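Let me begin by presenting the structure, written as structure tokens, before commenting on it.
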Amino acid sequence: MLDVPPPVPSNLREIQYSSGDLVADRRASYAAALASERAFAEAAELMAQALELVPQWVAGWNLLGGYREAAGDVAGAVMAWTQLLHLDARGLFGARLKLAAQAGSGAAPEPAYVEALFDDYAARFEESLVARLGYRTPETLATAIEQVMAVRGIARFGRALDLGCGTGLMGARLRPLVDRLEGVDLSAKMLAVAAQKGIYDRLEKAELVAFLKGQSVAAELIVAADVFNYVGALEPALAAVSRTLQPGGIVAFSLETHGDDDAVRLGPSLRFQHAVEPTLALCRSVGLEIAAAEPTVIRMDRGVPVDGLIVVAVRV
Ligand SMILES: C[S@@+](CC[C@H](N)C(=O)[O-])C[C@H]1O[C@@H](n2cnc3c(N)ncnc32)[C@H](O)[C@@H]1O
């Protein structure tokens with residue numbers, strides 16, 4: 001899940017969607033005020049009362065689950081998310097991921113959840129991520145790409161694809177290095193911010209693996225900055241990247257990493273974390289030779305540095 005600055009817990013939406021009932025809305029708004037004072041148990045109590053009035057209120061169950069979790073009432077949170085799972089047919093609130101993270105079990109990515117999450121976040125994304133959470137992955141990735149360019153004698157790239165381009169923070173770094181820059185993202189609102197920058201030759205709203213599979217023209221550079229942590233198992237994405245790159249082309253991406261044996265695991269943040277060696281082995285298995293693999297800090301999360309890896313690989 002995304003980082004939302006304290007005191008609101010990171011798995012709560014800041015937007016209070018209306019329940020359609022005046023009294024329930026008022027209780028929910030008192031609950032939000034209590035949560036902002038970190039009085040999570042009291043906030044949960046009020047939200048539960050609001051939901052008694054409007055039991056079909058999907059966003060309300062999401063808030064209740066978050067308040068209960070923040071209050072340490074894990075069983076109560078699981079009950080709320082189970083209810084959310086039944087009510088939220090499109091999976092916009094990521095109930096499946098929340099339940100899986102709590103159970104410590106594996107989970108598939110939820111594109112509808114990611115789309116809704118970033119649509120919700122788009123307007124404050126850059127201020128929040130860069131200014132508050134120290135996000136520097138675009139700079140770090142661009143530096144790693146430039147180093148590989150220097151070693152391999154690459155002056156600039158022709159066609160480049162920015163996967164999960166978001167608001168264009170990575171694109172701004174890539175623009176001076178490439179002739180043609182295309183961005184793809186699940187979130188229309190993130191894409192709208194990117195479009196305002198005027199740095200992309202083309203922007204497309206699509207899931208990145210589906211987008212790559214639809215490419216008939218090869219790319220010379222493909223980049224995914226802070227994106228694969230929403231994708232989960234990387235076989236389909238890396239195989240599609242390799243197929244889309246021309247021989248000698250470069251892929252550069254960041255990962256959030258973990259030290260366990262599993263190739264991929266779902267973190268409590270609801271983002272996926274990857275193990276270093278299995279991911280590098282996966283790259284090689286799809287024809288991507290590792291040119292650089294550097295540990296990095298992706299950003300801060302609730303005051304703690306998020307460990308990660310910057311990878312640059314060459315299509316053999
Ligand atoms: C943390 S933002 C990073 C944005 C940008 N790369 C940057 O560095 O600022 C992650 C972006 O990836 C997008 N995203 C996540 N999973 C995706 C997928 N499977 N296909 C396309 N976009 C995806 C999200 O919508 C979001 O805009």
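The values are calculated or read from the model by the stated rules, or taken from the named source; none is laboratory data. Predicted model only: the values in this text are computed from it and were never measured. Quick reminder, even Gly has a Cβ in these numbers, built from the backbone with ideal geometry, and neighbours come from all protein chains shown.
Brief remarks on what is shown
- For the stretch 271-309, a residue qualifies if it is modelled with pLDDT under 95 and aliphatic (A, V, I, L, M), and the qualifying residues are Val297, Ile298, Met300, Val304, Val306.
- Selection status of Ala131, over 13 Å from the mean Cα position of the chain (by Cα), of a type in the set (Gly, Ala, Ser) and closer than 23 Å to Val312 by Cα: no
- Remark: pairs (first residue in the stretch 151-162, more than 9 Å from Arg180 (Cβ to Cβ); second residue not in a loop (DSSP other than H, G, I, E, B); Cβ separation under 6 Å; 6+ apart in sequence or on different chains) = Arg156/Leu177; Leu161/Glu182; Leu161/Ala219; Leu161/Ile222; Asp162/Met170; Asp162/Gly171; Asp162/Gly183; Asp162/Val223.
- Some residue of the stretch 150-158 being within 21 Å of the chain's Cα centre (by Cα), more than 7 Å from the ligand (Cβ to nearest atom), among the small types (Gly, Ala, Ser) and over 30 Å from Arg265 (Cβ atoms): no
- Leu181 being free of Cβ contacts under 8 Å to residues at least 24 places away in the same chain and either in contact with a Phe, Trp or Tyr (Cβ under 9 Å, 6 or more places away or on another chain) or farther than 24 Å from Leu97 by Cα (or both): yes
- From the list Gly65, Gly72, the one residue that fits, being modelled with pLDDT of 95 or more and surrounded by fewer than 20 Cβ atoms within 10 Å (Cβ to Cβ), is Gly72.
- For Ala100, the conditions (1) of a type in the set (Gly, Ala, Ser); (2) within 20 Å of Val58 (Cβ to Cβ); (3) touching an Asp or Glu at 6+ places or on another chain (Cβ under 7 Å); (4) outside any loop (DSSP other than H, G, I, E, B) all hold with the exception of (3).
- Of the helices (runs of 4 or more DSSP H) lying entirely inside the stretch 25-87, those carrying at least 1 residues that are over 18 Å from Lys98 (Cβ atoms), assigned by TED's automatic domain parsing to the domain that holds Ala103 and of a type outside the set (A, V, I, L, M) are 40-53.
- Boolean, Ala155 is among the small types (Gly, Ala, Ser), crowded, with 22+ Cβ neighbours inside 10 Å and either in the same structural domain as Ser216 (by TED's automatic domain parsing) or not in a strand (DSSP E or B) (or both): no
- Filtering the stretch 179-199 to residues that are more than 9 Å from the ligand (Cβ to nearest atom), hydrophobic (A, V, I, L, M, F, W, C) and assigned to a helix (DSSP H, G or I) leaves Ala188, Ala192, Val193, Ala195.
- Flag for Leu97 being buried (at least 22 other Cβ atoms within 10 Å of the Cβ) and in contact with a strand residue (DSSP E or B) (Cβ under 6 Å, 6 or more places away or on another chain): no
- Test: residue in the stretch 107-115 that is touching a Ser or Thr at 6+ places or on another chain (Cβ under 8 Å) and not assigned by TED's automatic domain parsing to the domain that holds Ile310: yes
Matching residues to (1) surrounded by fewer than 23 Cβ atoms within 10 Å (Cβ to Cβ); (2) more than 9 Å from the ligand (Cβ to nearest atom); (3) acidic (Asp, Glu):
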{"site": "Ala142", "(1), (2), (3)": "yes, yes, no"}
{"site": "Thr167", "(1), (2), (3)": "no, no, no"}
{"site": "Leu174", "(1), (2), (3)": "no, yes, no"}
{"site": "Leu177", "(1), (2), (3)": "yes, yes, no"}
